[in-house]
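The structure appears below as structure tokens.
The values are calculated or read from the model by the stated rules, or taken from the named source; none is laboratory data. Being a predicted model, the structure only gives us computed values, none of them experimental. In this analysis, Cβ positions are derived from the backbone assuming ideal geometry, glycine residues included, and neighbour counts consider all displayed protein chains.
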Amino acid sequence: MLLKVKNLSKSFNTRKKKITAVDNLSFEIPEGKITAFLGFNGAGKTTSLKAILNLLVPDKGEIYFDDKLLKDDFTPLLKQTGVVLESARNIFFALTPIENFAYWGGQRGLDKQTARRNGLELLEKFNLSSKKDTVIFKLSRGMQQIIAICCALIARPKFLILDEPTLGLDIEAVKTMEKILQVLASENVTILLTTHELAFAQKVADQILLIKKGRLIYSGTKNECLAKFNQEKIFTVKFLHPLSDKQEIGLKTISKVVLLADKTYEVTLFDKKSQGQLLQRLAQLELVDIKTKSKSLNDVVDFYMKEGNSYDDTQSGISA
Ligand SMILES: Nc1ncnc2c1ncn2[C@@H]1O[C@H](COP(=O)(O)OP(=O)(O)OP(=O)(O)O)[C@@H](O)[C@H]1O
């Protein structure tokens with residue numbers, strides 16, 4: 001594990017009340033994977049990131065980086081970590097990418113030539129070489145975000161933290177961002193990102209970290225998380241005519257049948273093993289369309305964010 005967070009808590013005392021932003025949070029970030037840190041506004045993501053980056057002192061908790069406990073000195077983590085905060089705020093908009101690379105490389109102890117070389121390499125990798133001398137404010141929002149990532153990667157850190165990397169990006173730019181993150185992960189860069197865009201998280205993430213009111217709801221692989229929520233096999237079926245009572249009773253011996261609209265039904269198998277039997281029965285009816293429905297990360301997050309569906313039964317696992 002590259003990063004381990006153990007029993008992290010942080011409260012803020014405001015004039016009106018005490019706000020518990022992070023509440024006994026523990027999780028692990030595996031090396032070379034993309035972890036999506038999810039939770040509604042105010043869930044405690046930024047506060048957790050700030051504690052990891054030593055930008056605030058938690059009330060309690062421990063941070064381990066490369067299996068070493070960080071106490072007062074976070075240098076081992078900070079030296080190996082690139083960070084892009086929301087809205088690409090870590091770059092100078094009046095400078096060009098090359099000038100930004102020289103500055104941010106300098107901050108990381110690189111000489112100008114090395115910073116330039118590393119920066120050009122990154123631009124080439126992300127197909128932005130032609131923009132090396134264009135001032136940042138003349139670039140599209142998506143390009144600005146990529147340059148911000150290049151600056152964060154200028155000293156080749158092995159850990160990259162991205163706060164809302166797709167904020168304000170159009171569909172094409174989001175796709176480019178997906179590719180970039182996948183390229184970086186394939187080069188063993190460990191990525192921790194926050195996002196409210198669950199379709200994006202579902203595309204790029206290997207790992208999911210879900211928090212609610214500062215507490216852990218789920219931590220584990222995306223595939224396991226989705227598999228748990230897709231144990232049922234659901235079909236949406238449209239027939240030429242509404243089902244007769246007899247036809248409906250026939251299907252109901254092996255599935256739950258719910259009328260969605262006019263001639264369209266949701267058919268949920270009681271047992272996945274009866275799929276062949278169901279398809280045979282459906283084939284005897286006058287079908288117009290049939291689709292299988294799978295639950296998405298959006299459904300998972302929706303489920304857990306509802307009051308009552310809590311983490312009680314799962315600190316490191318999940319149950320649907
Ligand atoms: N400096 C502070 N003083 C007082 N309260 C704070 C402070 N920083 C954060 N909070 C509160 O702590 C809680 C968690 O905030 P945090 O910014 O960590 O959430 P978040 O998950 O990052 O939200 P978002 O998705 O909106 O960025 C919120 O209730 C927030 O108002």
Only residues that are more than 16 Å from the ligand (Cβ to nearest atom), β-branched (Val, Ile, Thr) and surrounded by 22 or more Cβ atoms within 10 Å (Cβ to Cβ): list them for the range 181-206, please. Thr190, Ile191, Val204
When the residues of the range 1-34 are filtered to those that are among the small types (Gly, Ala, Ser) and more than 14 Å from Leu216 (Cα to Cα), which remaining residue is farthest from the ligand (Cβ to nearest atom)? Gly32
Can you name every residue in the range 257-303 that is assigned to a strand (DSSP E or B) and within 26 Å of Asn223 (Cα to Cα)? Glu266, Val267, Thr268, Leu269, Ile290, Lys291, Thr292, Lys293
Which residue out of Gly168, Gly220 is outside any helix (DSSP H, G or I) and touching a helix residue (DSSP H, G or I) at 6+ places or on another chain (Cβ under 6 Å)? Gly168
Residue hits (the range 33-48; modelled with pLDDT of 95 or more and surrounded by fewer than 21 Cβ atoms within 10 Å (Cβ to Cβ)) are Lys33
Spans of helices (runs of 4 or more DSSP H) in the range 70-136 with at least 2 residues modelled with pLDDT of 95 or more and basic (Lys, Arg): 112-125
Go through the range 3-18 and count every residue that is modelled with pLDDT under 95 and not hydroxyl-bearing (Ser, Thr, Tyr). 5
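Go through the range 129-180 and give me each residue that's within 16 Å of the ligand (Cβ to nearest atom) and not polar (S, T, N, Q).
Ile161, Leu162, Asp163, Glu164, Pro165, Leu167, Gly168
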Single residue of the range 156-170 satisfying the filter (buried (at least 19 other Cβ atoms within 10 Å of the Cβ) and over 15 Å from the mean Cα position of the chain (by Cα)) that is nearest to Arg117 (Cα to Cα): Pro157
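Being touching a helix residue (DSSP H, G or I) at 6+ places or on another chain (Cβ under 6 Å), closer than 28 Å to His196 by Cα, surrounded by fewer than 15 Cβ atoms within 10 Å (Cβ to Cβ) and among the hydrophobic types (A, V, I, L, M, F, W, C) narrows it down to one residue among Phe65, Phe93; which is it?
Phe93
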Failed criterion for Phe37 (all others in (1) touching a residue at least 24 places away in the same chain (Cβ under 8 Å); (2) within 14 Å of the ligand (Cβ to nearest atom); (3) assigned to a loop (DSSP other than H, G, I, E, B) hold): (3)
